[in-house]
Every structure is written in structure tokens, then in C-alpha cells.
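Structure first, then comments.
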Amino acid sequence: CSSKYVLSQMHPMWQGPLVVPGGDRQSPIDIAVRKAVFDSELKPLVATYDPQTCQQIWNNGYSFLVEYDDTTDKNTLKGGPLQDKFRLCQFHFHWGESNDWGSEHTVDRRLFPAELHLVHWNSDRYTLFEEAVMEENGLAVIGVFLKVGKRHEGLQKLVDALPAIRHKDSIVEFNRFDPGCLLPANINDYWTYHGSLTTPPLTESVSWIIMKQHIEVSHDQLAVFRSLLFTSAEEVQKSMVNNFRVQQPLRGRTVRSSFT
Ligand SMILES: NS(=O)(=O)c1ccc(CCNC(=O)Nc2ccc(Cl)cc2)cc1
Ligand SMILES: [Zn+2]
């Protein structure tokens, strides 16, 4: 997908005070479980992914992205809180330097060691990711928390590809990866709210769908994430860790839950 053109100039300290004009729908947020409102109208999520449409994996200097061919409706997300059909463009992760933190969203202030984001754009209304990223109903991102435990067999193929993209702007061909294998067993228990991208351009165009159930990966698998570098081959090495944004004010938004 063409997400690489969206982040032309990343503010180096995008963690920081980058203020978005009128930013009252920023992400990530803390999910206060007892304040979430059960919405019986929320439908089951339907994610249909074709592993054959996986194209490449690359280090964008902030995380690594696994990108899919999003020129057809081969990888779709619909249902849940969504009115339209969305196409998977890429997935990536955010993680910490230790297992004590790393996720972007928190649940009752609890941090997880890492968080997966599956990024989709509204293909019923727009023709390109770049268009959708600027629109209020343009994107849908599924967030899945990672916990350290048993090895994730499906993730290993991806972990084995990471040493080849150790440096910023490195890219390798990556085929036949099923992103569905990274979803938890139960995808019908989730929280949903309207927010933003968590990195520049921080546009408030995202319907967030945060899974209640986490997935488990091994300590060694997460250690390989941390072996990636923010820097290119010529620069002084800086480990790619702590690539998460801090939680943002809720500003009166309601988080809905699909479960009681
Ligand atoms: N973190 S998100 O799902 O809100 C998000 C989704 C899509 C974009 C536009 C494509 N670019 C991209 O994915 N860049 C990126 C990813 C991870 C890190 Cl750590 C830094 C930059 C940006 C943010
Ligand atoms: Zn992300």
C-alpha cells in the first residue's frame, strides 16, 4: 500500500508537543473499562485476509511495516462499528525497551509490552489510502495487545525476516503472510472509539477497534523487534525501542464496548 508517501516529514520527536489544530480526538488513550458503554448495536467484526497479497516488509525508521496489495478488495474489514468496507493496507507494531511498557493504548492504565496495529482504509468512499487518511471516516485500525509468554508460531516467519531490515529504509520482499494469524481467538470482544493516527500526520480519521483479548509472543521474539534500528547503516546505531506515543486526553469521548 502507499502509506510510505503519507509520512513524508516525520517530526523527529513525534512523541512530543506536536499539537494538532483542534486536536480533541487524539490517540492513543487509556481505556477505563468501567466507563466504557456497552453498545448492543455493535455487530461482529468480519476480517477477510488473503495471505497471497502480502508484498513487502520495511523499516521506516520508526517501526517495521508489513504491506499488502490494496488495489483490490482482497483484504477487507467490515461490521463491528463500521458502516463501510475497509481495505487492509499494512500492519506494524509499537514496543518498549523492556517488557514493562511499549503499548500505545492502556487498559485501566495497564501497559502492555507491545501493540499491533492493522491499518485499513475506507474503500467504499475513497480510492487511495492517502485520500482516506485525511477524512473523518477514512481509516479503521485494529489494535491488539501483546503479552510475553509462549512463542507465537505464526509470528516467527515475520521475526525471521527482521534481521534483513535492521536499518532504516531497508525493505525486503515478504510473501504469503496471513495477518489473521495475529488476531486473538475472540475478535468479538472489543472497545471502539473515534481517534487519530498516533504518529504524524496525527489526522483524526481513525475508527479504533481495540481487542479485549491479547496475543502472546515469546521474550525472544520481542527481543528481535528490539534488535531493529531507528538509524541507517551510515549513522551511529540507535535501537528501535519505545516507538509509542503517550496517552492523549479523552476530551469527553465515549469508548463503546461490544461486550458486557
Ligand atoms: N500508529 S497508527 O496505527 O495510528 C498509524 C497508521 C498509519 C499511519 C500512516 C502510515 N505510516 C505509518 O504507519 N507510520 C508509522 C508506523 C509506526 C510508527 Cl512507530 C511510526 C510511523 C500512521 C500511523
Ligand atoms: Zn501504530
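Run through every distinct alpha carbon pair of the chain and return the Kirkwood hydrodynamic radius in angstroms, one decimal place.
One decimal place: 18.3 Å for the Kirkwood radius.
May I ask for the Kirkwood hydrodynamic radius of segment 154-260, worked out over all distinct Cα pairs and given in angstroms to one decimal?
So the Kirkwood estimate lands at 16.8 Å.
Give the lysines reachable from K78 as a straight Cα distance under 26 Å; neighbours fewer than 8 places away on the same chain don't count.
Counting by Cα, and skipping residues close in sequence, K78 has these lysines nearby: K4, K35, K43, K212.
Does segment 107-189 come out rounded, prolate or oblate, given a ≥ b ≥ c as the square roots of the eigenvalues of its C-alpha gyration tensor, rounded meaning a/c under 1.5 and, failing that, prolate meaning a/b above b/c?
Oblate shape, in that a/c is at least 1.5 and b/c is the bigger or equal ratio.
Please work out the FRET efficiency for the pair R109 and D160, using the Cβ-Cβ distance as r and a Förster radius of 35 Å; give the result to the nearest 0.05.
0.50
So which lysines pass the test for K238, namely a Cα distance under 17 Å, with those fewer than 8 places away in the same chain ruled out?
Hits, sequence-local ones excluded: K168.
So if we plug the beta-carbon distance of D100 and D69 into 1/(1 + (r/R0)^6) with R0 = 45 Å, what FRET efficiency do we get, rounded to 0.05?
0.75
Return the single residue from M211, M134, M240 with maximal mean-square fluctuation; model: Gaussian network over the chain, springs between Cα atoms under 10 Å.
M134
Answer rounded, prolate or oblate for segment 9-164, using the Cα gyration tensor with square roots of eigenvalues a ≥ b ≥ c: rounded when a/c is under 1.5, else prolate when a/b is larger than b/c, else oblate.
Judged from the Cα gyration tensor, segment 9-164 comes out rounded (a/c under 1.5).
Could you list E135, E235, E115 so that the one with the fewest beta carbons within 10 Å of its beta carbon is first and the one with the most is last?
Least crowded to most crowded, the residues run E235, E135, E115.
I need S227, S218 ordered by Cβ neighbour count within 10 Å, fewest first.
Least crowded to most crowded, the residues run S227, S218.
Cβ under 11 Å from N122's Cβ, N122 left aside: what net charge do those residues give with Lys, Arg +1 and Asp, Glu -1?
Computed value for this residue: -1.
Counting Lys and Arg as +1 and Asp and Glu as -1, what is the net charge of the other residues whose Cβ lies under 9 Å from the Cβ of K74?
Spelling it out: positives minus negatives among the neighbours equals -3.
May I ask for the distance between the Cα centers of segment 93-135 and segment 51-70, given as a whole number of Å?
Answer, in whole Å: 14.
Each value in this text was obtained by applying a stated rule to the coordinates, not by laboratory testing. Just so we're clear, the structure is a prediction, and the values are computed from it rather than from any experiment. So basically every Cβ, Gly included, is an ideal-geometry build from the backbone, and we count neighbours across all protein chains shown.
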